[in-house]
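Working notes for the structure below.
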Amino acid sequence: MSKSKVVVVTGVSSGIGRVAAEKFAKLGCQVFGTVRSIAKATPIAGVELVEMDVRDDASVERGIQSIIDRAKRIDVLVNNAGVAMLGATEETSIAEATAMFDTNVLGTLRTSKAVLPHMRAQRSGRIVNLSSVLGFLPAPYMGLYSASKHAVEGMSETMDHEVRQFGVRVALVEPAYTKSNLDANAPHAANKIAAYDGQRDLVSRAIARNIGTAPEPDGVANAIVCAALDAWRMRHAPKGKAALLSKLRRFMPAAPVDASLRKDFGLG
């Protein structure tokens, strides 16, 4: 079945998106991977790179249309492109929050809107949106990132109800810490408030420790492929910590989950 699939993966310059694109290609899919600059991108075997910025309406329209022109259809869209940031909610400027939502939420919306007319016309398709365990859990000092992923979850579940009448389904992948540039190189909010210095430092060090022991992107990429090509289900948590956190959130009382989360972030 996968051999006939045309797959688009956004944000394939590195990390999860790159590994996922490679896996789709190895399965025989026709794979298009989007990057903001082809001139700066490293080629991926079996993947055709497309220049596209998910923050720009015209760029998304051009990029998706160029894929349709070449492949005549799109069967799977993987919305992987995203950004993160560390900082207390109070420290986060409106401009920083706007930029994060523009990529993580509106970027997902732009690409989905661009492919849906084609998926509706062909009466089939799958949209896979990259969320996070922070899409269903709070994240001290990553409040706006968590908020953006909560938004992706709400939008994805709603969209799935709307588009299934056309043979199109929407799925979520919810990874935990992964060795990738997204987590390792997340910038800090520019305007720091001294009152938060102590806890922010604890959280920053806890995140660094977790990234140091985190798995490579392979497991998340496998979950993406499963979400895209296997029988539909809404949520896909990669094996390990992500799957455990998903179960804890849904079945354990709130107080123990809260205490465990604070401990994990170094807050005691």
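The values are calculated or read from the model by the stated rules, or taken from the named source; none is laboratory data. For clarity, every value in this text was computed on a predicted model and none was experimentally measured. Backbone-built Cβ (ideal geometry, glycine too); neighbour counts: all protein chains shown. Heads up: the accessible areas ignore ligands, DNA and RNA and are worked out on the full protein's heavy atoms, side chains in. Shrake-Rupley method; radii C 1.70, N 1.55, O 1.52, S 1.80 Å.
Each Cα pair under 8 Å and six or more residues apart adds its separation to the average, and for the chain the resulting relative contact order is 19 percent.
Net charge around Glu96, counting only other residues with Cβ within less than 13 Å of its Cβ (Lys, Arg = +1; Asp, Glu = -1)?
Its environment carries a net charge of -2.
Placing dummy labels 7 Å off each Cα toward the beta-carbon, the span from Glu216 to Glu51 is 3.2 nm. Once C-alpha pairs closer than 8 Å and six or more residues apart are averaged by separation and normalised to the residue number of the range 170-268, the relative contact order reads 44 percent. For the chain, the longest principal axis of the alpha carbon atoms and the long axis of helix 218-229 meet at an angle near 40°.
Viscosity 0.890 mPa s, temperature 25 °C: give me the Stokes-Einstein translational D for the range 70-229 in µm²/s, with Rh taken as the Kirkwood radius over C-alpha pairs. Write out the running numbers ahead of the final one.
Working: Rh = 16.7 Å.
Using the Kirkwood radius from Cα pairs, D works out to 147 µm²/s.
Across the range 1-119, the mean sequence separation of Cα contacts (distance under 8 Å, 6 or more residues apart), normalised by length, yields a relative contact order of 26 percent. Here the spin labels are modelled as points 7 Å beyond Cα on the Cα-Cβ line, and at Ala194 and Glu162 they lie 4.8 nm apart.
Spacing of the modelled spin labels on Arg36 and Lys263, each 7 Å from Cα toward Cβ, amounts to 3.9 nm. Between Arg209 and Asp230, the FRET efficiency estimated from the beta carbon spacing at R0 = 25 angstrom works out to 0.15. Extension gain for the segment Glu90 to Asp201, taken as residue separation times 0.36 nm less the Cα-Cα distance, is 38.4 nm to one decimal. State which entries of Lys72/Lys241; Lys113/Lys192; Lys179/Lys263 exceed 31 angstrom in Cα-Cα distance in the structure shown. Long pairs (Cα-Cα over 31 Å): Lys72/Lys241; Lys113/Lys192. Any chance you could run the full-extension gain for Gln65 through Asn185? It's 0.36 nm times the residue separation minus the Cα-Cα distance, nm to one decimal. Stretched out fully, the Gln65 to Asn185 stretch lengthens by 40.0 nm. Three semi-axes describe the equivalent ellipsoid of the range 75-134; taken as square roots of 5 times the Cα gyration tensor eigenvalues and ordered largest first, they are 30, 12, 6 Å. For the chain, the share of alpha carbon pairs falling in successive 10 Å distance bins from zero is 7, 30, 36, 19, 7, 1 percent. Using only the alpha-carbon atoms, how far is helix 15-26 inclined from the longest principal axis of the chain? Give it as 0 to 90 degrees, nearest 10. Once rounded, the angle reads 30 degrees.
The sum of -39500 (n - 2.57) across all DSSP H runs of n ≥ 4, divided by the residue count of the chain, sets its helix-only mean residue ellipticity at 222 nm to -15500 deg cm²/dmol. Surface analysis of the chain yields an accessible area of 46 Å² per residue, using protein heavy atoms and a 1.4 Å probe. Sorted into 5 angstrom bins from 0, the C-alpha pair distances of the range 154-268 split as 2, 10, 15, 17, 18, 16, 12, 7, 4, 1, 0 percent.
Per the 1.4 Å probe, what fraction of the accessible area of the chain, in percent, lies on carbon and sulfur atoms?
Solvent-exposed carbon and sulfur of the chain make up 56 percent of the total.
Only aspartates and glutamates eight or more places from Lys247 in sequence, or on another chain, were considered; those with a Cα closer than 13 Å are Glu174. Tilt of helix 241-251 relative to the longest C-alpha principal axis of the chain, in degrees (0 to 90, nearest 10)? It is inclined by approximately 70 degrees. Estimated translational diffusion coefficient (Stokes-Einstein, Kirkwood radius over Cα pairs, 20 °C, 1.002 mPa s) of the range 157-200: 146 µm² per second. From most to least packed by mean Cβ count within 10 Å, the peptides 4-14, 240-250 give 4-14, 240-250.
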